[in-house]
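Below is one structure, written out as structure tokens; comments come after it.
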Amino acid sequence: MKQETKGIIFLLLSSFFFAMMGATVKSVPNIPISQKIFFRNLVGLIITGSILIKNKEGLVGSNVKLLILRSLFGLLGVAANFYAISKLPLSDAALLNRMSPFFLILISLMFLKENVTRYQIYAMVIALLGAGFVMKPQFDYTIIPALIGLSSAIFAAAGYASVRQLRLYSSPNAIVFFFCGFSCLSTTPFMLMGDFIVPSIKELIFLLLIGLSATGAQIFMTTGYRFAPASRLAIYGYTNIIFATILGILFWGEYPDLLSITGGLLIILGGFINYVVINNGNFNQSPKTIREE
């Protein structure tokens, strides 16, 4: 089996487990978001901590300030995504969350001073148009969950941009370990102040499944990128939308309407354009970047 094929398989498994995480989050509507976030990260904290100890790696990198910034963005992104999942159809929440690569393009241009081609800007505009179809704005309070869902993509993109810088100071496992620990500590005060419900056996199983599916998704994604460059595999992350749609139909009868389908196709089209640009070498060999025009 080719190395890239192995990478594709692992990315598909990662997308499936991310969709499963969303489904398990939605399956316990009575559990507070802070409690869900705590369990999501508790499992990851234990697993990554065990790996770091086994490999005798440092638990914290050399740039704590950047680790805190990355963890804060990540925590806000997870909280916004969990809220959107609880209020929107699972497929819509997944679609809005998959806008993060396009916001990363904008952040890369504005703050990291990286070259961004005009075609990537076109891709971002197409994806934003798609997000508009998914959100179906009515300009009243009903749009709030969709806006929060979109903000999860913005926070996620900011977190990814921080990880780009953190790779110089910390190992991937250390970054995940710090994020999980930061998230557990940050949500503990909310639970102590009453934002906590003693779960039933069924709810406890789902809470553990949130953590297991999220950790599994991260592990499969990290493993997949060992077999091929991220630019070759990133497009397969959009299968998360397909898996989320199937799970939403199977468990909640959430059939996407025409606007959501149209928006989803536009977001995927934007992702495909960005994929083609990067893999054709236009990202590094563009005759003109946005900053040069």
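The table below lists the values:
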| read-out | value |
| --- | --- |
| Residue check for LEU13: surrounded by fewer than 22 Cβ atoms within 10 Å (Cβ to Cβ), touching a Phe, Trp or Tyr at 6+ places or on another chain (Cβ under 7 Å) and part of a helix (DSSP H, G or I) | yes |
| Which listed residue is among the aromatic types (Phe, Trp, Tyr), at pLDDT below 95 and either in contact with a helix residue (DSSP H, G or I) (Cβ under 6 Å, 6 or more places away or on another chain) or at positive phi (or both), from TYR225, TYR236 | TYR236 |
| Yes/no for LEU59 being surrounded by fewer than 22 Cβ atoms within 10 Å (Cβ to Cβ), over 22 Å from ILE154 (Cβ atoms) and modelled with pLDDT under 90 | yes |
| Pairs where the first residue, in the stretch 49-62, is farther than 13 Å from PHE178 by Cβ and the second is of a type outside the set (Ser, Thr, Tyr) and in a helix (DSSP H, G or I), C-beta under 7 Å, 6+ apart | ILE51/ASN173 |
| Condition check for ASN30: among the polar types (S, T, N, Q) and part of a helix (DSSP H, G or I) | no |
| Residue match in the stretch 207-222 (condition: part of a loop (DSSP other than H, G, I, E, B) and either farther than 16 Å from LEU96 by Cα or without any contact (Cβ under 8 Å) to a residue 12 or more places away in the chain (or both)) | no |
| Test: residue in the stretch 40-49 that is more than 21 Å from the chain's Cα centre (by Cα), at pLDDT below 90 and surrounded by fewer than 18 Cβ atoms within 10 Å (Cβ to Cβ) | no |
| Residue selected from the stretch 74-119 under the condition aromatic (Phe, Trp, Tyr) and modelled with pLDDT of 95 or more, by the criterion surrounded by the most Cβ atoms within 10 Å (Cβ to Cβ) | PHE82 |
| Some residue of the stretch 185-192 being buried (at least 17 other Cβ atoms within 10 Å of the Cβ), in contact (Cβ under 8 Å) with a residue 40 or more places away in the chain and either farther than 14 Å from LEU75 by Cβ or not β-branched (Val, Ile, Thr) (or both) | yes |
| Hits in the stretch 233-249 (condition: under 11 Å from LEU11 (Cα atoms) and either of a type outside the set (Val, Ile, Thr) or in contact (Cβ under 8 Å) with a residue 60 or more places away in the chain (or both)) | LEU233, ALA234, TYR236, GLY237, TYR238, THR239, ASN240 |
| Among (1) in contact (Cβ under 8 Å) with a residue 12 or more places away in the chain; (2) part of a helix (DSSP H, G or I); (3) of a type outside the set (A, V, I, L, M, F, W, C); (4) surrounded by fewer than 20 Cβ atoms within 10 Å (Cβ to Cβ), the one test that LYS65 misses | (1) |
| Failed condition for ASP92, given (1) within 21 Å of PHE251 (Cβ to Cβ); (2) not in a helix (DSSP H, G or I) | (2) |
| Test result for ALA19, under 18 Å from PHE206 (Cβ atoms), part of a helix (DSSP H, G or I), in contact with a helix residue (DSSP H, G or I) (Cβ under 7 Å, 6 or more places away or on another chain) and not acidic (Asp, Glu) | yes |
| Residues of the stretch 138-195 classified as under 21 Å from PHE39 (Cα atoms), at pLDDT below 90 and not in a helix (DSSP H, G or I), total | 2 |
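The values are calculated or read from the model by the stated rules, or taken from the named source; none is laboratory data. Keep in mind that what you see is a predicted model, and the values were worked out from it rather than measured. Neighbour counts run over all protein chains shown; Cβ positions are idealised from the backbone, glycine included.
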